[in-house]
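Visitor: One structure follows; several queries about it will come next.
The values are calculated or read from the model by the stated rules, or taken from the named source; none is laboratory data. Everything numeric in this text was worked out from a predicted model, so none of it was measured. Every residue, glycine as well, gets a Cβ built from its backbone with ideal geometry; the counts of neighbours run over all protein chains shown. In case anyone asks, the SASA skips ligands and DNA or RNA and just uses the protein heavy atoms, side chains included. Shrake-Rupley method; radii C 1.70, N 1.55, O 1.52, S 1.80 Å.
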Amino acid sequence: AWYVPCLASLETLQELCRKENLRCKSIGITNRSLKSYEVEYLCDYKVEEGTEYYLVKWKGWPESSNTWEPQKNLKCPLLLQNFLSDKNEYLSRVREGKALKVRNHVKALKPAVADYIVKKAKQRIALQRWKEELNRKKNHKAMILVENTVDLEGPPLDFYYINEYKPAPGINVINGITTGCECTDCPAEKCCPKEAGFILAYNKRKKLKIQPGLPIYECNSFCRCGPNCPNRIVQKGTPYSLCIFRTNNGRGWGVKTLQEIKTNSFVMEYVGEVITSEEAERRGQLYDNQGNTYLFDLDYDSDEFTVDAARYGNVSHFVNHSCDPNLQVFNVFIDNLDLRLPRIALFSTRTIKAGEELTFDYQMKGSIDLTSDSADSLSPSRKRIRTVCKCGAVCCRGYLN
């Protein structure tokens, strides 16, 4: 389904709810907040006759209801801290010497400073809501965090989180498999990989032991083995808490791990809409004109299908390119043995430290046609011009294509 964003602002919706005495938890209007006042964020500051005042935005109330309140009445130390931090951040960036100016014995923030503080407050709230939405929708235990200390960019407006492939009409990503292995202690002689003509992909520590290019066959929903089977890794989802963060070198959003990741560990799956290659070519031309795309060819056996993660995807949507990556692409088969429709899994190529950005090479086999979140990137196979690479690696090739 295609979604159309609401054209009314949050403030307009809140004002309508209060006017009609309606409740709407998703926009902050509840029985408690309908007639109560809670500080949402602080907008401005001034000093009059020796008393400090803050302009307060009340949670669930439109901005037209903002009021000036003396500091002694405010019981929100974290919001006060955020206010001062945002003010100092702005001043450090523009290198202004003073935060205050004096007119008729009234001290007040410069309008540009107050405007920035309000934008940062709104951004902080929007990113918090987005983080909560992502964690509601994910199907794994690890947490997803969101961070932007670089600019005023908020959540992407046209991105919808999904946990598995979203097939286009006419495409079946489940081929009706009805049998599984009979193992009670995998891997046995006739376990799933052996039946497919390959070796088990994981060792006893549940780490990858096969070379890039070889497929992974995991036990499926019809296998006799239980959830603790050592051949069930990708299907359980990412085990690591990850953070979607804003990069400081023009590459848009990126993803970093919040936990150390050992070599050859499963990190995440790449998901999106599954479309035909013909549809991918049509979309690719549109994406090229926009300067970005997230097309990923499923070319393990043929190039009949493509995954498009531009509008629907998971955390992998935000993973950037590097010419010296720490992730590698592998094709995985679980409940679908159709060689044209493998699942795409990203495994670590080395130990990745907590706080380190996750990357993979967009030109490695199985990952062609995927670009970063940066608006100046183009699809490697459909580009009209060469795209400069910003990965910063010592071995950087200079271009994404």
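Visitor: Check whether at least one residue in segment 62-69 is open to solvent by less than 50 Å² (accessible area, probe 1.4 Å), modelled with pLDDT under 85 and in a helix (DSSP H, G or I), and report yes or no.
Guide: No, segment 62-69 contains no residue that is open to solvent by less than 50 Å² (accessible area, probe 1.4 Å), modelled with pLDDT under 85 and in a helix (DSSP H, G or I).
Visitor: Further question on the same structure: Out of ALA126, ALA168, report the one residue that is out of contact with any Cys (no Cβ under 7 Å at 6 or more places or on another chain) and under 30 Å from ASN249 (Cβ atoms). It would help to see each step written out before you state the result.
Guide: On the way: ALA168 fails: under 30 Å from ASN249 (Cβ atoms).
On inspection, the qualifying residue turns out to be ALA126.
Visitor: Mind checking which residues of segment 216-252 are out of contact with any strand residue (DSSP E or B) (no Cβ under 6 Å at 6 or more places or on another chain) and among the aromatic types (Phe, Trp, Tyr)?
Guide: Answer for segment 216-252, where residues must be out of contact with any strand residue (DSSP E or B) (no Cβ under 6 Å at 6 or more places or on another chain) and among the aromatic types (Phe, Trp, Tyr): just PHE222.
Visitor: Here's a follow-up. Just checking, does segment 109-118 include any residue being outside any helix (DSSP H, G or I), open to solvent by 30 Å² or more (accessible area, probe 1.4 Å) and either in contact with a Leu (Cβ under 9 Å, 6 or more places away or on another chain) or of a type in the set (Phe, Trp, Tyr) (or both)?
Guide: Narrowing segment 109-118 to residues outside any helix (DSSP H, G or I): 109-110.
Those left that are additionally open to solvent by 30 Å² or more (accessible area, probe 1.4 Å): 110.
In the following step, the residues that additionally are either in contact with a Leu (Cβ under 9 Å, 6 or more places away or on another chain) or of a type in the set (Phe, Trp, Tyr) (or both) were identified as 110.
Yes, segment 109-118 contains at least one residue that is outside any helix (DSSP H, G or I), open to solvent by 30 Å² or more (accessible area, probe 1.4 Å) and either in contact with a Leu (Cβ under 9 Å, 6 or more places away or on another chain) or of a type in the set (Phe, Trp, Tyr) (or both).
Visitor: Could you say which residue among GLY176, GLY213, GLY197, GLY237 is closer than 20 Å to ALA142 by Cα and small (Gly, Ala, Ser)?
Guide: Exactly one of GLY176, GLY213, GLY197, GLY237 is closer than 20 Å to ALA142 by Cα and small (Gly, Ala, Ser), namely GLY237.
Visitor: Also, quick follow-up: Among the residues of segment 314-356, write down those that are within 13 Å of TYR165 (Cα to Cα) and out of contact with any strand residue (DSSP E or B) (no Cβ under 7 Å at 6 or more places or on another chain).
Guide: Within segment 314-356, ASP335, ASN336 meet the criteria.
Visitor: Right, another one. Return the pair list, or none, for Cβ contacts closer than 8 Å from residues in segment 161-187 that are in the same structural domain as MET268 (by the TED database) and open to solvent by less than 100 Å² (accessible area, probe 1.4 Å) to residues that are modelled with pLDDT under 90 and among the basic types (Lys, Arg), at least 6 apart or on different chains.
Guide: CYS181/LYS190; CYS183/LYS190
Visitor: Can you tell me which residue among GLY237, GLY226, GLY213, GLY284 is assigned by the TED database to the domain that holds ILE344 and crowded, with 19+ Cβ neighbours inside 10 Å? Steps first, answer last, please.
Guide: Working: GLY237 fails: crowded, with 19+ Cβ neighbours inside 10 Å; GLY226 fails: crowded, with 19+ Cβ neighbours inside 10 Å; GLY213 fails: crowded, with 19+ Cβ neighbours inside 10 Å.
Selected residue: GLY284, the only one of GLY237, GLY226, GLY213, GLY284 that is assigned by the TED database to the domain that holds ILE344 and crowded, with 19+ Cβ neighbours inside 10 Å.
Visitor: Within segment 284-401, which strands (runs of 3 or more DSSP E) (wholly inside it) include 1 or more residues that are under 30 Å from CYS192 (Cα atoms), at pLDDT 70 or above and among the β-branched types (Val, Ile, Thr)?
Guide: 305-308, 327-333, 343-348
Visitor: Scan segment 79-95 and report the pairs whose first residue is in the same structural domain as GLU69 (by the TED database) and more than 12 Å from LEU109 (Cα to Cα) and whose second residue is open to solvent by 50 Å² or more (accessible area, probe 1.4 Å) and among the hydroxyl-bearing types (Ser, Thr, Tyr), with Cβ atoms within less than 9 Å and a gap of 6+ or a chain change.
Guide: GLU89/THR149
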